[in-house]
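Below is one structure, written out as structure tokens; comments come after it.
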Amino acid sequence: MIKNSFRKALTATVSGLLLVGMLAGCNKSGASGSKSVNLKLGHNLAEDHAVHIQLSAFANAVKEKTGGAVTIQIYPNGTLGSESDMVSQIQAGALDMAKVSASTLGNFNEAWNALSVPYVFNNKDHYYSVMDGLIAEDLYQMTEGDGFKGLTWLDSGSRSFYTKNTPIRTPADLKGLKIRTMDSQVAIDMMKCLGGSATVMGYSEIYTGLQQGVIDGAENNVTALRDHGDVAKYYCFDEHTRIPDIVVIATKSWAKLTPDQQKIVKECAKEATQEYKQAWLNFENDVLDKAVNVNHVTLIKDVDTAAFQKACEPIYSGLKSSKPAVYAIVEKIQNWK
């Protein structure tokens, strides 16, 4: 009995010490005197990609400005799974932050699909103005009930078609071609309107798919030529979409931050967006230079953009009747000055 009592007392003491240690760890203060918070951020790009470099700078800025109270650990290369996986992890409380495409977010809240509609942005200046303005800020808040909110956006350029053998100048050139698209209903509907066949597959499968003839082409921004420039010989600047990347944070993780920390994180995120605009442009130019001068990719710029826009009109009428809330956001974007 004595041994059992001693054993129970010892167990209780050890458990108590462990609990104290855990609480002490949770309430550890940074140099600023605020409770420290460690956040995990995932993305699916390589460590030498401009996105990872910018997110690392963002994390460093947050750490510095919070006096070490808020640290952000980055997990690149899809270590934590696909973009959809990471959003699901955020909703489940297993991940704090992620960089994902707005098209991916559309699978969790349809409001984000407005940014994936073909030709919703008139040009690059219009795109920047919308994403730096109130429309984007409203979108950031719309998903709080879904377990996450937007912090900021990162430019990911305009998406166009690139192919193995066929130059694309009009929608008619896509007829019969198997084109890889993202797992997005808007992207699939777009291919149907343009006459091509949408083939959904992961980005990592595109190279082999082109090489083996499983697909005839894909649609992405010009930086995809960094990975696919030696198997895709034509890049067509039809610029059908401009889909931003969005940095999101779990609402529960956001709530762990003090108001001052929230302000710093938001400010650092906005600074990252502005810095990244030039970094992205430099990245695009570097990739295009290699694509043309090393891999001999032909850039198709004499594109009948009006024909592509007209072919995509059914997407707008379809949204108006079936997704009026999304269509309302599309109208706001198109009317944005």
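Over the alpha-carbon set of the chain, work out the extent along each principal axis and list the three values in angstrom, largest first.
Ordered largest first, the chain gives principal extents of 87, 43, 38 Å.
Stretched out fully, how many nm does the piece from E137 to Q212 gain, at 0.36 nm a residue minus the Cα gap?
Length gained between E137 and Q212: 22.7 nm.
Can you flag which of K256/K277; K63/K263; K175/K320; K124/K310 are past 22 Å Cα-Cα?
Among K256/K277; K63/K263; K175/K320; K124/K310, the Cα-Cα distance tops 22 Å for K256/K277; K175/K320.
Can you show me the helix-derived [θ] at 222 nm for the chain, built from DSSP H runs with n ≥ 4 at -39,500 (n - 2.57) apiece and divided by the number of residues, rounded to the nearest 500.
-15000 deg cm²/dmol
Can you give the % of DSSP beta bridges in the chain that are antiparallel, to the nearest 5?
So the antiparallel bridges in the chain amount to around 55 percent.
With no solvent and one point per C-alpha, what does the Debye sum give as log10 I(q)/I(0) for the range 208-337 at q = 0.18 Å⁻¹?
-1.14
Can you check what the net charge comes to around T251, using other residues whose Cβ is under 12 Å from the Cβ of T251 (Lys, Arg +1; Asp, Glu -1)?
Its environment carries a net charge of 0.
Sum up the charges of everything whose Cβ sits under 13 Å from the Cβ of C236, counting Lys and Arg as +1 and Asp and Glu as -1, but leave C236 out.
Around C236, the surrounding residues sum to -2.
Using a cut-off of 15 Å between beta-carbons, work out the net charge of the residues near K290 (Lys and Arg +1, Asp and Glu -1, K290 not included).
Value of the local net charge: -4.
FYI, it's all coordinate maths here, none of it is from the lab. Model, not experiment: these values are computed from the prediction. Methodologically, a virtual Cβ is constructed for each residue, glycine included, from the backbone with ideal geometry; neighbour enumeration extends over all protein chains shown.
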